[in-house]
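Before I ask anything, here is the structure I am working with.
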Amino acid sequence: MKVKENIPANPVECEAPNMGKSGESGWKLMRYLVVGVLFGIIFVKAEVISWFRIQEMFRLQSFFMYGVIGSAILVGLISIQLIKRLGIKTLGGEPIRIADKEFRKGQIIGGFIFGLGWALTGACPGPLFAQIGSGFSVVVVTLLSAIAGTWVYGKYADKLPN
Amino acid sequence: MEQLIEWIRQPWPWYVAGPLIGLTVPALLIIGNKSFGISSSLRHACAACIPAKIPFFQYDWKKEIWNILFVTGIFLGGIIASVFLSNPDAIVLAESTQQDLIQLGITDFRNLLPADIFSWSNLFTLKGLFFFVIGGFLVGFGTRYAGGCTSGHAIMGISNLQWPSLVATIFFMLGGFVMTHLILPHIMAFVGF
């Protein structure tokens, strides 16, 4: 069976969408918590949550972060190809669907703005949570400010070039 | 067993960590048709707590509760890794990076984050304003404007051969280079390093 592709991304819906048709509740949702826990452990153990590692990356003085991101992309790419070609389904038996990303000016302007913040805080959104968990509690302030930034974007989204 | 724990306590090399991070992509898809992405959690937080009738936050965030649980897991994973699996030694940093950062005024290289910047005592200072408040704001505003972050665009998007994600990733990197090389030295001097 062919996997359905090219589902247009709804601009109002979120960009990491839940494509599952059937609802999940209770313990089934806990599976995402478990994946998150493993993911958080990897983040800390590989030191990718480190402000120093991000500095190394942007100073081109270490291959480490490029190796992490590059090999993650490679494994993700092979996985998605296998899922599509073999028609692998979800555990619940649904066909796997992935929304396409639509090009917008935001990927250029917003991407650049995020890059500025990434080098300053030493964190993208994922590592923010892991930094707080691993004891750098002051990063809560950074997280709250990131939520505020998201809110301000949402408020003025229709007035910004896109 | 002890050897295993000892091995886990060491910092993990990129060729172990990267592929494991990549496996998150099929794991989330196969568990329940979820596309990997983390910055969306910040949007869900807005939609759940402070939607303020803004159209961008009017959607069924409860449907995306998995994403909130996922980032809660990342937080818990951070606790577990640092409490039970932490590396007792200082982080090993490229010599050249260390020299550059010493030039900029960083003195503490013991932890994953420099205590010179990331401590509560800096909160109500210029350091806190730039590194926490402005930095965080840029991360939240920029990722949402770009429609994703390193996970949603760089890993999930490029893995799925989405060229807009490649564009986004190029501009993430460009922003980082500009901040690190052109702006950061001025900020460091301005905030009193």
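With point charges of +1 on the Cβ of Lys and Arg and -1 on the Cβ of Asp and Glu, referenced to the Cα centre of segment A:1-147, which listed residue (A:Leu29, A:Phe39, A:Gly122) lies farthest in the positive direction of the dipole?
A:Leu29
Same structure, new question: Size of the dipole of the protein assembly as shown about the Cα centre, Lys and Arg at +1 and Asp and Glu at -1 on the beta carbon, nothing else charged, in debye to 20?
Roughly 1100 debye, rounded to the nearest 20.
Within 10 Å of each Cβ in peptide A:59-70, how many partner chain Cβ atoms are there on average? Round it to a whole number, please.
Averaged over the peptide's residues, the number is 6.
Run the simple label-point estimate for A:Met30 and A:Asp158 please: 7 Å along Cα→C-beta, distance reported in nm.
Placing both labels 7 Å along Cα→Cβ, they lie 4.3 nm apart.
About the Cα centre of chain A, what is the dipole size in debye to 20, counting +1 per Lys and Arg Cβ and -1 per Asp and Glu Cβ, all else neutral?
340 debye
Rounded to the nearest 500, what is the 222 nm mean residue ellipticity of chain A from helices alone, with -39500 (n - 2.57) per DSSP H run of 4+ residues and division by all residues?
That comes out to -18000 deg cm²/dmol.
Kindly point out which whole DSSP H helices in chain A project their C-alpha atoms 24 angstrom or further along the helix axis while averaging a Kyte-Doolittle hydropathy of -0.5 or above.
For chain A, where a helix must reach 24 Å along its axis and average at least -0.5, the hits are A:64-86, A:139-156.
Let me know the mean shielding of B:43-51 by other chains, meaning the per-residue number of their Cβ atoms within 10 Å of its Cβ.
Shielding by partners across B:43-51 averages 4.
Readers should treat all values here as calculations from the given coordinates under stated rules, not as data from a laboratory. The structure presented is a predicted model; accordingly, all values stated were derived computationally and were not measured. Neighbour counts run over all protein chains shown; Cβ positions are idealised from the backbone, glycine included.
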